Amino acid sequence: MQETHQGRTSALARRPVPLLALLLLPLFAAGCAYNLPQSTTVVAGSHNQTLWEPYRVIFWLAGIVFVAIMALTLWISIRFRERPGRAPLQLHGNTRLEVLWTFIPVVIVVVMAVPTVSAIQRSAEAPPADALKIVAIGHQWWFEFVYPDLKLTTANELHIPEGKAVVFEIRSQDVIHAFWVPQLAGKIDMVPGHVNGISFTALPGKARAEPYLGQCAELCGLSHAHMRFRVYVDTAADFDTWAKNNTANAARPTEATASKGAEVFARAACIGCHTAKGTAAAGLIGPDLTHVGSRATIAAGTLANSADNLAKWIANSGDFKPGSKMPPMAQAHGGALTDEEIKAVAAYLLALK
Ligand code: CUA
């Protein structure tokens, strides 16, 4: 036993540098992956910018403390280790050291507190009066977005103009969810029976065709992991075009399959839960489908929006989102619709641009 212990110690003593480098390697590798779609280190929104400032100070201070403590521990373990014929030196109390290791943490805490308190104050500031108002409502397992002033309702894909303040009223329909778009803002809990608020500006120059990825950040049931959303930061002109298109009534299908799909949609269970503005469909339980064909994804960011995926989703949504509140519609899964009818409904929905 004694021999094994000494064997290990001497291995570390002989090669401390390569061993330490090996231990630090994963840390460096992790640091290289900062530029991912849901990394808070990429700052595109004012709220994330506010949070990032104290985070950066704390990160570097914690990093320095970590490296210093680890290096000291390693050096002391090697330098003062037990050796044959020499017992380790025992010391009790050192006033100078004790004062020092009380004083240094106090200074560090004060240095961290200044940007932290400032960030808390700034993130709680009232938004400008002309901020764009959006109500975000969490549902199991999708996001509803209502623009009350534009009379516009959409789901899972949010559009905001760059450089303009947006103020969110954050709600939940059922259980606690959380609104989080790491590069822009959040996270903030969506609590049933309580209204939360958050406001931010997508920084000027951050408009792009590719969306910023958002995610429910509070465990909310079986399909929590499938509760995603996308935020499109548009130029002012693109936003106006989008808003104008999305306030219009649902398009009337022109093509034969889509027209048949519209008939099926209107007589099947669909309209009990979904809305297609300007038609008989005025259900409020599921996502508003008035312009579903213009979205890039369906099922809260789980599937690409295509005729095939729409048909599979309608047939049995539980295949993709366990626990989905939408009952299976295909006869093969106990529903009322034939495969042909489902394909027609998918064609109709895809035509709702
Ligand atoms: Cu909603 Cu997790």
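Taken together, the values in this text are just the output of simple stated rules run on the coordinates, not laboratory data. Bear in mind that the values here come from a model prediction, so they are computed numbers and not experimental data. Reconstructed Cβ throughout: ideal geometry from the backbone, glycine too, with neighbour counts over all protein chains shown.
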Tell me the label-point distance for the pair Ile64, Ala33, using the 7 Å Cα-to-Cβ offset, in nm and rounded to one decimal.
2.9
Sequence ranges 199-208, 56-65, 70-79, 224-233, ranked by mean other-Cβ count within 10 angstrom, highest first:
224-233, 199-208, 56-65, 70-79
Under DSSP H, which helices of the chain have Cα atoms covering 24 Å or more of the helix axis and a Kyte-Doolittle average no less than -0.5?
46-79, 95-123
Most mobile of Gly197, Gly45, Gly31 per a Gaussian network model of the chain (Cα springs, under 10 Å)?
Gly31
Evaluate the charge dipole of the chain about its Cα centre and quote only its size in Debye, nearest 20, assuming +1 on the Cβ of each Lys and Arg and -1 on the Cβ of each Asp and Glu.
1200
Which of Ile120, Ile298 has the fewest Cβ neighbours within 10 Å, and the rest in rising order
Ile120, Ile298
Two decimals is fine: what is log10 I(q)/I(0) at q = 0.08, 0.19 Å⁻¹ for the range 2-159, from a Debye sum with one equal scatterer on every Cα and no solvent?
-0.52, -1.31
If you take the Cα atoms of the range 277-353, find Rg, then find the Kirkwood Rh from the mean of 1/r over all pairs, what is Rg/Rh?
0.93
From the P(r) of the range 194-258, could you give the percentage of C-alpha pairs in the tail past 20 Å?
56
Using Cβ counts within 10 Å as a stand-in for footprinting exposure, how do Thr154, Thr95, Thr338 rank, fewest first?
Thr95, Thr338, Thr154
In a shell of Cβ-Cβ distance under 12 Å around Arg171, excluding Arg171 itself, what net charge do Lys and Arg (+1) and Asp and Glu (-1) give?
-4
Alpha-carbon Rg with Dmax, taken over the chain, Å
28.1, 95
Report the one residue of His177, Ile160, Ala243 whose Cα lies farthest in the direction of the positive end of the charge dipole of the chain (charges on C-beta: Lys and Arg +1, Asp and Glu -1; origin at the Cα centre).
His177
Rounded to the nearest 500, what is the chain's calculated 222 nm mean residue ellipticity when only DSSP H runs of at least 4 contribute -39500 (n - 2.57) each, over all residues?
-13500 deg cm²/dmol
If only Cα atoms are counted, what is the Rg of the range 12-95, and what is its Dmax, in Å?
19.6, 63
Percent RCO, i.e. relative contact order, over the chain, from Cα pairs under 8 Å lying at least 6 residues apart
14
Per residue, how big is the convex hull around the C-alpha atoms of the range 157-214? Give it to me in cubic angstrom, could you?
76
